[in-house]
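**Q** The following block contains the structure, expressed as structure tokens.
The values are calculated or read from the model by the stated rules, or taken from the named source; none is laboratory data. Model, not experiment: these values are computed from the prediction. Glycine also receives a Cβ, built like all others from the backbone with ideal geometry; neighbour counts cover every protein chain displayed. Each accessible area value is taken on the protein alone, full model and side chains, heavy atoms only, with ligands, DNA and RNA left out. Shrake-Rupley method; radii C 1.70, N 1.55, O 1.52, S 1.80 Å.
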Amino acid sequence: MTAELVRGQNHPLSQSRLEIRISAGTPVAAAAALSDENGRIHGTEWVAHPGAPVQPGLEVSRQAAADHRLAVDLDAVTEAVHRVSVLLALPAANGGAGPARFGAVAAPFVAVTGLDGTEVASYTITGLDLESAVVALELYRRQGAWKVRAVGQGYAGGLAELFADQGLSEAAQLAAGIDEAVARGLARSVQAPPPRTSEGDRSRQAAAPAVGPDQGAAPQGAPGPVPPAYGGQPAGGQGQGGPQPAYGGATGPHASAGGGPVNYSHPRRQTSAPPPPPPAAPPAQPGQPTRPVAGDATGWSMEERLYNQVWGMFEDLARTAAAYRSAVDFAESRMDKELEQALSDPRSRIGGQGDAAREAARARYTQLVDQARASLDRDVAQLVAESEVVEPALPPAFARWDNPCWHAYRVPMEIPMALRLGDLRLPEAESIRIPMLLRLPLERGLWIDSGRTDSLDGSFTDSHDMRRLAMDTAVAHAARLLAVYPAGEFTVHVVDPAGSGAQALAPLTQSGVLAGPPAPGAAGVTEVLARLTQRVDLVQMALRGGAPDALPPGFDTSQQLLIVNDFPHGFDDRAVNQLRYLVDEGPSVGVHLMMVADREESAGYGPLLDPLWRALLRLTPVPDDHLADPWVGHAWTYEPPAVPHGSEVLRTVLTQVAEARRTWNR
């Protein structure tokens, strides 16, 4: 169970290889400092930071980002190290474009997780004001074991003051070096596309929004985080976007740089015109809740209003579940305290007086839990009613495969703002499913985990069936991506070295929507990776040189998706390095990755591939509770999208996509 820490609280660590997941809502620089038993840093080589991201036992991000994943191997640090401090700082070299103090942004969230994404402890750093650097938490040795402590110590003087406080003589020089490294990272970022106009136009661009090589989440979420998480882009309630879980740690809230209420709206969805008024709900009967209406959140279009309404529902469910869990915890602690008091008097331990005290404590516990459950059930019933109205009104990009809107599907003329990747639910509210929406264009790759064989309901799926289910899930995701992009705006490549995915890939291959047949064998892997790597290099050089029109004649400017099956079969060391390069650099120039793989099968590479897995949003072909939002720390159960059994909707949609592509290419 996750420990939600408060300042000064500690928690034992049972694992030595960990991830530190950070969601800050605004770009921050992340670092990790090693110190001795007295908390002193002995030299600059004891600090992992964007200018020197790898130190023994540590790996941090190479540039500022709203979301980070730091890798920690406690077994790899030297015996002289007794503390590992996680540091956050607002970039000082951003030209004044960002906030200068943590008090002006959303409270940063830090989580310690295992390599499988299981959250061990989390901490929301509250109470900051003028500080521009903060020691978020520390991992420390105690009697031969490691623990984590929530620190939250801020410094108005920034990193220089922080390092000086920890006894580093070169504090000012190191702080300046970190600022310079962050500035270089910002300079390498690809510029974001122009904002969408009030008429809804979006010009075709060769590049996706600006994301640096280490900014693996949508800031996932993030989100959004998001997402998400996922991807991780948390969002507010009515009229705002809702928090996307940090799936596999992915993303944190967007914050207002000027202080005051947090603005959860997406920064690239601004226009000069005010949003149209949402639909008005019909008046409710006296004493009855207002009947829900689809699209009653604010936004610039019905699509955005529905998007904001979905994440408003996510926020409402997260809040009501958090309130229920808090009430149950309070009831348990109160009952324990009352029982302890009743038993502390030897005269009341036996006999009728003690029995009465115990029964009274249990009765009060039951009363509090029943009240909390009644409140939860009332809120969930309202959300279910809203879902029943919203779900049929969703456009294809947001809708399930069984939604009737797919029967009237036509290839769109414009890229939607988000894509549905499945559903999210909580164990306290099994009757409600929240659509899991990921912002477009994709800002991180996807990993369909084919290694898990057990399900939440206790059922077991053998490895062969799990591989088939994983590939079916990947095809469903790819088909949806093809369906929601305009003709010619999205291209899919497939690498299937052993040919094991031929049956699952049939809807893509038979409809003719792929750029070419699935590439077989090691030679096919080499050819596809070389072509996409060259594409990334060409686009990056053109953008950084300020000459996006200098690309070769006939260059395909569409978004590219590479589906990789059976990794690492057919991959040599060079191909693995090219794959990592595509994961790091590809999303910023419109090249994305979808891995269908079992991580255990690549264990022979050791920690070399850890950054690759951390950079991908992990999804599963069966329901799994591996996704967590950094907002309230819930573990959400993810349910993959399922095409109704016997339905031809997938083939029908892909046939229309293929026909539109042929027409567009004439």
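**Q** Quick check on region 130-146: of everything there that is modelled with pLDDT under 90 and assigned to a loop (DSSP other than H, G, I, E, B), which residue is most open to solvent (accessible area, probe 1.4 Å)?
**A** 143
**Q** Those residues that are among the small types (Gly, Ala, Ser) and more than 26 Å from residue 450 (Cβ to Cβ), I need them from region 530-563; list them, please.
**A** 542, 545, 546, 547, 550, 554, 558
**Q** Now, a different point. Of the conditions (1) in contact with a Gly (Cβ under 6 Å, 6 or more places away or on another chain); (2) surrounded by fewer than 23 Cβ atoms within 10 Å (Cβ to Cβ); (3) outside any helix (DSSP H, G or I), residue 555 fails just one. Which one is it?
**A** (1)
**Q** Identify, from the list 488, 499, 512, 451, the residue that is open to solvent by less than 60 Å² (accessible area, probe 1.4 Å) and in contact with an Asp or Glu (Cβ under 8 Å, 6 or more places away or on another chain).
**A** 451
**Q** Within region 584-610, track down each residue that is under 19 Å from residue 524 (Cα atoms) and out of contact with any His (no Cβ under 7 Å at 6 or more places or on another chain).
**A** The initial filter retains those residues of region 584-610 that are under 19 Å from residue 524 (Cα atoms), namely 591-597.
Residues satisfying the conditions are 591, 592, 593, 595, 596, 597.
**Q** For residue 467, which of the numbered conditions (1) within 30 Å of residue 413 (Cβ to Cβ); (2) touching a Gly at 6+ places or on another chain (Cβ under 9 Å); (3) open to solvent by 60 Å² or more (accessible area, probe 1.4 Å) fails to hold?
**A** (1)
**Q** With the checklist (1) crowded, with 22+ Cβ neighbours inside 10 Å; (2) within 16 Å of residue 178 (Cα to Cα); (3) out of contact with any Gly (no Cβ under 6 Å at 6 or more places or on another chain) in hand, flag the one item residue 63 doesn't pass.
**A** Result: residue 63 fails condition (3) only.
**Q** Among the residues of region 387-443, which ones are farther than 21 Å from residue 617 by Cα and among the aromatic types (Phe, Trp, Tyr)?
**A** 401, 406, 409, listed by residue number.
**Q** Follow-up. For the structure I just gave you, tell me whether residue 654 is out of contact with any strand residue (DSSP E or B) (no Cβ under 8 Å at 6 or more places or on another chain) and more than 19 Å from residue 467 (Cβ to Cβ).
**A** yes
**Q** Right, here's the next one. What number of residues in region 37-52 are buried (at least 18 other Cβ atoms within 10 Å of the Cβ) and in a loop (DSSP other than H, G, I, E, B)?
**A** Residues flagged as buried (at least 18 other Cβ atoms within 10 Å of the Cβ) and in a loop (DSSP other than H, G, I, E, B) within region 37-52 amount to 3.
**Q** Now for a different question. If a residue has to be open to solvent by 30 Å² or more (accessible area, probe 1.4 Å) and part of a helix (DSSP H, G or I) to count, how many in region 520-552 make the cut?
**A** Result for region 520-552: 15.
**Q** For the condition at pLDDT below 90, of a type in the set (Asp, Glu), more than 23 Å from the chain's Cα centre (by Cα) and over 20 Å from residue 63 (Cα atoms), what is the one hit in 566, 572?
**A** 566
**Q** Got a number for residues in region 614-642 being open to solvent by less than 10 Å² (accessible area, probe 1.4 Å) and more than 30 Å from residue 126 (Cα to Cα)?
**A** Residues flagged as open to solvent by less than 10 Å² (accessible area, probe 1.4 Å) and more than 30 Å from residue 126 (Cα to Cα) within region 614-642 amount to 3.
This table checks each residue for (1) within 26 Å of residue 291 (Cβ to Cβ); (2) among the hydroxyl-bearing types (Ser, Thr, Tyr); (3) open to solvent by 60 Å² or more (accessible area, probe 1.4 Å).
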site	(1), (2), (3)
320	yes, yes, no
326	no, yes, yes
336	no, no, yes
344	no, yes, yes
354	no, no, no
360	no, no, no
369	no, no, no
374	yes, no, no
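**Q** Here is a follow-up. Show the residue pairs that are 6+ apart or on different chains and have beta-carbon atoms under 8 Å apart, the first residue being within region 369-393 and within 12 Å of residue 310 (Cα to Cα), the second being open to solvent by 60 Å² or more (accessible area, probe 1.4 Å) and assigned to a helix (DSSP H, G or I).
**A** 383/316
**Q** Select from region 512-558 the residues that are farther than 18 Å from residue 490 by Cα and acidic (Asp, Glu) and list them in ascending order.
**A** Passing the criteria: 527, 537, 549.
**Q** Moving on to the next point. Can you say whether residue 335 is farther than 20 Å from residue 384 by Cα, of a type in the set (A, V, I, L, M, F, W, C) and at pLDDT 85 or above, as far as the supplied structure shows? Let's see the steps before the verdict.
**A** Numbers: farther than 20 Å from residue 384 by Cα: yes; of a type in the set (A, V, I, L, M, F, W, C): yes; at pLDDT 85 or above: yes.
Answer is yes for this residue.
**Q** Looking at (1) modelled with pLDDT of 90 or more; (2) touching a Pro at 6+ places or on another chain (Cβ under 7 Å); (3) open to solvent by 20 Å² or more (accessible area, probe 1.4 Å); (4) closer than 26 Å to residue 615 by Cβ, which one does residue 120 not meet, given that it meets all the others?
**A** Failing condition for residue 120: (2).
**Q** Can you confirm whether residue 584 is among the charged types (D, E, K, R) and modelled with pLDDT under 90? Lay out the reasoning, then the answer.
**A** Working: among the charged types (D, E, K, R): yes; modelled with pLDDT under 90: no.
Spelling it out, it is not the case that residue 584 is among the charged types (D, E, K, R) and modelled with pLDDT under 90.
**Q** Name every residue in region 53-112 that is assigned to a strand (DSSP E or B) and under 19 Å from residue 160 (Cβ atoms), in order of residue number.
**A** Of everything in region 53-112, those that are assigned to a strand (DSSP E or B) and under 19 Å from residue 160 (Cβ atoms) turn out to be 85, 86, 87, 88, 89.
**Q** Looking at region 613-666, which of its residues are within 15 Å of the chain's Cα centre (by Cα) and under 24 Å from residue 562 (Cβ atoms)?
**A** Selection gives 613, 614, 615, 616, 617, 618, 619, 620, 626, 627, 638.
**Q** Could you list, in sequence order, all residues of region 583-604 that are in a helix (DSSP H, G or I) and more than 20 Å from residue 470 (Cβ to Cβ)? Walk me through how you get there before you give the answer.
**A** Taking region 583-604 first, the residues in a helix (DSSP H, G or I) are 583-585, 587-589, 599-604.
584, 585, 587, 588, 589, 604, listed by residue number.
**Q** Residue 561 versus (1) part of a helix (DSSP H, G or I); (2) aliphatic (A, V, I, L, M); (3) open to solvent by less than 10 Å² (accessible area, probe 1.4 Å): which is the lone unmet condition?
**A** Answer for residue 561: the failing condition is (1).
**Q** Considering region 147-167 alone, what residues qualify as being modelled with pLDDT of 90 or more and not in a helix (DSSP H, G or I)?
**A** Matches in region 147-167: 147, 148, 149, 150, 151, 152, 153, 154, 155, 156, 157.
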